[in-house]
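Take a look at the structure set out below.
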Amino acid sequence: MRPEPRQSKYLRIVAAAVLLVGSAGCTGAPDPPDQQTRTAPAFVGILQRYSADLLTAGATAVIIDMKSRVGDWSSAAGVRDLDTMDPAQLSDQSQVGDITTAMVAVSVLKLVEEGKIQLDDPVQQYLPGLEGIVKPPGPITIRSLLSHRSGMPDYWVSPVHIGTGPFTHEERVGFVAGMPWTGGSGSLYSYSATNYSVLALLVEKLRGRSIGVVIREDSVAPLNLQHTLMTGDAPGPQRMLHGYTRTAAGDLEDNALAPFHLGSPDTGMISTVGDLNTYFAALQDGSLLAPGSVAEMHHPKYQEFGLGLVRKYDACSNNDYFGHVGVVRGYAALALISADGSRQLAMIVARAPRQDPVGFDDPESLEMAEAALAALNSAC
């Protein structure tokens, strides 16, 4: 029998759950099945099924935190560490991959608000040495770097073996030297982590501090995010979720605090589901940036990816969800919030240990986004 499409599976769960939904929400551990069918919001069944499917397929931990007008719900399933077998907790910290870039984007836009740069300035105006690392086809605007429309090649797919790191921002940019650009500023959207290495160089030059310190000053400290930090910053994480892969020989490899992520502006941040929800709620309600900056991040001309943010269609409001997906070896993470701030979801997964094909749109991250949207759209 032909396997059913992933999306249709979650849509069917939505339809079934809506028939059972009551007026009360739930927080923490799920209710027993007979009680849950009377009281749980529809999204609970969707997220429980998603978590169970991942654990059955070999994921070692799935942590979820959803907030909505019809109820809140959170869950931590699996184990934090295969050595100790300690159970996963909501407060466990994890690599959050590309979600890092949303935080870098906020720090760039703060420079715009202060009048230190403008979005349509060529980045070479501030980083003349860039021409000595790569050969851009022309002026590359800060806006095009933020929105992945610079045409710059992605160092993740560089033919150079990038090894394990750590690497400087210049080294990450240098990995794409000699690779063809897809165009210059104004190119079609093409996700490239190298854009954010260039932006990190820009921020560090203008602030005189490392990108991790700048993110802490711009976002983490003002929001009192107790469990969010750049890899390599002190103090280190106290309750780190371990994400595993397998080597070609089949040996288990622990990717927690891998040197590759040290100080990385596209994969370096560590956080929790609770902190991620706090962060994106603050960004959405104007606590981090001026309303005009947030509107620019959300501008409808950016159909798939705005300034540092992924956008996904919101079937409840005929608007969009905003946030980001993060995928690195051993881990996947997601944070999305509705335009009106009434529904948001953060998820972190320690993926099934295997030789890990990492990508922003790999099948597992696409499935994560489908499950998230099904849950959010069931909480209208």
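The values are calculated or read from the model by the stated rules, or taken from the named source; none is laboratory data. Nothing here was measured: the structure is a model prediction, and the numbers come from that model. Cβ atoms come from the backbone with ideal geometry, glycine included; neighbour counts cover every protein chain shown. Quick note on the areas: whole protein, heavy atoms, side chains included, nothing else; ligands and nucleic acids left out. Shrake-Rupley method; radii C 1.70, N 1.55, O 1.52, S 1.80 Å.
Counting just the residues of the range 126-161 that are assigned to a helix (DSSP H, G or I), within 17 Å of Ala200 (Cβ to Cβ) and not small (Gly, Ala, Ser), which one comes out most open to solvent (accessible area, probe 1.4 Å)?
Per the criteria, the residue is Trp156.
What are the residues in the range 287-336 that are buried (at least 24 other Cβ atoms within 10 Å of the Cβ), hydrophobic (A, V, I, L, M, F, W, C) and more than 12 Å from the chain's Cα centre (by Cα), if any?
Leu307, the sole residue that qualifies.
Would you be able to say whether some residue in the range 162-171 is modelled with pLDDT of 95 or more, open to solvent by less than 40 Å² (accessible area, probe 1.4 Å) and under 30 Å from Thr247 (Cβ atoms)?
Yes, the range 162-171 contains at least one residue that is modelled with pLDDT of 95 or more, open to solvent by less than 40 Å² (accessible area, probe 1.4 Å) and under 30 Å from Thr247 (Cβ atoms).
Restricting the first residue to the range 87-102 and requiring it to be in contact (Cβ under 8 Å) with a residue 40 or more places away in the chain, which pairs with a second residue that is of a type in the set (Gly, Ala, Ser) and assigned to a helix (DSSP H, G or I) meet a Cβ separation below 9 Å and a spacing of at least six or different chains?
Leu90/Gly274; Ser91/Gly274
Scan (1) outside any loop (DSSP other than H, G, I, E, B); (2) of a type in the set (A, V, I, L, M); (3) surrounded by fewer than 18 Cβ atoms within 10 Å (Cβ to Cβ) for the single condition Val198 breaks and write down its number.
Result: Val198 passes all but (3).
Yes or no, residue by residue, for (1) open to solvent by less than 30 Å² (accessible area, probe 1.4 Å); (2) at pLDDT 95 or above:
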position	(1), (2)
Val18	no, no
Pro41	yes, no
Ala61	yes, yes
Met66	yes, yes
Gly71	yes, no
Ala76	no, yes
Val104	yes, yes
Val108	yes, yes
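So which residues in the range 208-219 are assigned to a helix (DSSP H, G or I), free of Cβ contacts under 8 Å to residues at least 60 places away in the same chain and either closer than 22 Å to Leu130 by Cβ or open to solvent by less than 60 Å² (accessible area, probe 1.4 Å) (or both)?
Matches in the range 208-219: Gly212, Val213.
Quick check: anything in the range 178-194 in contact with a Leu (Cβ under 6 Å, 6 or more places away or on another chain), touching a residue at least 12 places away in the same chain (Cβ under 8 Å) and under 30 Å from Ser287 (Cβ atoms)?
no
Within the range 87-95, can one find any residue that is surrounded by fewer than 17 Cβ atoms within 10 Å (Cβ to Cβ), in contact with an Asp or Glu (Cβ under 8 Å, 6 or more places away or on another chain) and of a type in the set (A, V, I, L, M)?
Checking the range 87-95: at least one residue is surrounded by fewer than 17 Cβ atoms within 10 Å (Cβ to Cβ), in contact with an Asp or Glu (Cβ under 8 Å, 6 or more places away or on another chain) and of a type in the set (A, V, I, L, M).
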